[in-house]
1. Can you list residue pairs whose Cβ atoms sit under 8 Å apart, with the first residue in the stretch 143-156 being closer than 18 Å to R60 by Cβ and the second being of a type in the set (D, E) and surrounded by fewer than 19 Cβ atoms within 10 Å (Cβ to Cβ)? Count only pairs 6 or more apart in sequence or on different chains.
2. Restricting the search to the stretch 333-347, which residues are surrounded by 24 or more Cβ atoms within 10 Å (Cβ to Cβ) and either assigned to a strand (DSSP E or B) or of a type in the set (D, E, K, R) (or both)?
3. Which one of these is farther than 23 Å from P235 by Cβ, more than 32 Å from the chain's Cα centre (by Cα) and surrounded by fewer than 17 Cβ atoms within 10 Å (Cβ to Cβ): P117, P163?
4. Residue by residue through the stretch 180-216, note down the ones that are over 23 Å from T455 (Cβ atoms) and hydroxyl-bearing (S, T, Y).
5. Hey, among the residues in the stretch 319-332 that are in a helix (DSSP H, G or I) and open to solvent by 10 Å² or more (accessible area, probe 1.4 Å), which one's nearest to K597 (Cα to Cα)?
6. Just the residues that are in a loop (DSSP other than H, G, I, E, B) and either within 19 Å of the chain's Cα centre (by Cα) or not charged (D, E, K, R) (or both), please, taken from the stretch 207-244.
7. Filter the stretch 195-232 down to the residues that are hydrophobic (A, V, I, L, M, F, W, C) and touching a Lys or Arg at 6+ places or on another chain (Cβ under 7 Å), then identify the one that is nearest to S176 (Cα to Cα).
8. Give T192, T198 a once-over and let me know the one that is under 30 Å from D74 (Cα atoms) and part of a strand (DSSP E or B).
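The values are calculated or read from the model by the stated rules, or taken from the named source; none is laboratory data. Keep in mind it's a predicted model, so treat the numbers as computed, not measured. Note that each Cβ is placed from the backbone with ideal geometry, even for glycine, and that neighbours are counted across all protein chains shown. Protein only, heavy atoms only, side chains kept; ligands, DNA and RNA dropped before computing areas. Shrake-Rupley method; radii C 1.70, N 1.55, O 1.52, S 1.80 Å.
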Amino acid sequence: MSTFKYAAFPLLASAFFLGSCGDNQTSQPETETPEVETVAETPMVETTDKFTYANYKDVRLTHIDLNLDVNFEDKVLDGVAILDFERIDPETDVLVLDTKDLTINSISLVNGETTMPVEDYTLGEADPVLGQELRIPLSEDADQVLIDYTTSPTAEGLQWLSPEQTAGKEDPYLFSQAQAINARTMAPLQDTPAVRLTYSATLRVPDGLRPLMSASQGEENENGEYQFEMPQPIPSYLIAIAVGDIEFKAINDHIGVYAEEYILDAAAEEFSETPLMEEANEELYGPYRWGRYDLIVLPPSFPYGGMENPRLSFMTPTLIAGDKSLTNVVAHELAHSWSGNLVTNATWRDAWLNEGFTSYVENRVMEKLYGERRAVMEQALALEDLKRDIAGAARPELTQLKLPADITHPDDAFSQVAYVKGQYFLIFLEERFGRDAFDPFLKSWFNDHAFESVTTETFLDYLDDNLRADYPDAVTDAEIEAWVYEPGLPETAKNPQSDAFETVQMHSDAWVAGDLSTFELEEIAAEWSTHEWLHFLNGLPDDLASEQYEDLDKAFSLTGTQNAETAFAWYMLAIKTDYEAAYADLEGFLMSVGRGKFIYRLYDALKENGKAEWAERIYAEARPGYHPIAQRRIDDILNE
């Protein structure tokens, strides 16, 4: 295993020299893309989203046009949003929008060529989660609203990085993260997944920087502006922006990678099998409907493994392991092009419709491309994570697929329950109905609800009408009820048995007992995959002798390993067992990696194992480089 060391603060990994893939293409990809499907109208959803102020059942946004200056000096987006809307209720005389930390400079109503200033709009009292409602009186003939506004330097949906926090150290960087309800920190809109809208944008950025959005990418025009178009209706949380010293490298004619130069070649090589993933998805679930599919590797402070922004998935650099062992995350974000982006949960109580479906599709694609052995290993590792989250849930209701109405923050929706319990529910259905029936059913689900926002009950009704009606004895109502509306993991859940893990466990038990030397383990583990290593590390007892940890570390260079997943597992073990030799590199990891999957649990483990003071010292230095979302989460962990 590699002895790569994570770079020290600020948050960046300073070098990845992991090979290249073809010639660099430094210009934008061709703007002509395969013809894409546009949708003029999408049906309204009969549901209530508690995390929006918007009166979207009375009046609904259909398009937003943004014209913005990206101001790095003040760390704000500044400009105008023009909102197209349609009245669901003809008597509606007010438009209610979501905002958070926005400065509203002026508002006007627009009807054709006529613009009329609005003086009597109101901003409600600020709520720490929801922000402020913006109430705009409507005239009878208006069908657009023009809002001049400025974002806040501390907007939770935007992270502004100084040049020192980037790899090149010469230019600043901006990226957004709108999911779940942070689009309202970027623009005034109806920030609920129940509403889908198209968008366009004109951006002005400092010379030498490249802006990108989750849309068709535009070249700089004669006025120094970049223009973007998203013709398919999407929920607001999929509006995304990135600006920085960004280069491009093509993988094929409609898939490529954007990144800072230091990691571009490595990322293109790591993600080179993305076209195969797209083909596998299309064979299973129908055509890719978004034109291009590109990926951007963001700075290390990005708090997630990936974010499925349409046409431009945002990815963490912690995926660049050098051996494609962590590219299931790429498969996951690409799968969202069907489950999540194409068919979207209407509220965050229904988040499993996005994440559980996507985890299922991801696993099917991994099986199709890399075989059942890898797919089963990933299922088994995911199940371990799910059981941990179920055991640690604040209350049992949070382990239901359909979350209770009283969740206090949409982030409650993003535990392994939505991802893995949702995935295992679909595995349960697949096994009961058989793939010959379930695969066409799932493909029809995506096609029949394309560009719609749906609820759990929408899916269950569709399941009844289109699958259970033909196979009435396959599942019972009680079994469905247990999966969707009851806490925990049902008895009908699959228990994946990995032959590879059984072999790893046999060798692990022998090594722990002293019946297998570390030298012998070295020879055996030389061919282990990342998944096998994770099973080995996660299964080690906490009471090993310090000499065994030293032997293991010396043999396999676990402290400072380049593979972020393996490093995380090792550092969690080091914290629990007080293996001090790993602490310096653990500190470097926390200073250089902003991915929440890792750092939240590491800080929590430090606190729970008597190292709260040390954790607080590291966090005080690392915090300015973490994303606002991560800052909020870690503040909560250390202050509980």
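1. D143/D84; D143/E86; Q144/D84
2. E333, S339, T344, N345
3. From the options P117, P163, the qualifying one is P117.
4. Within the stretch 180-216, T185, Y199, S200, T202, S214, S216 meet the criteria.
5. V329
6. Correct list: G208, L209, S214, A215, Q217, G218, N221, N223, G224, I239, A240.
7. The qualifying residue nearest to S176 (Cα to Cα) is A215.
8. Matching residue, one of T192, T198: T198.
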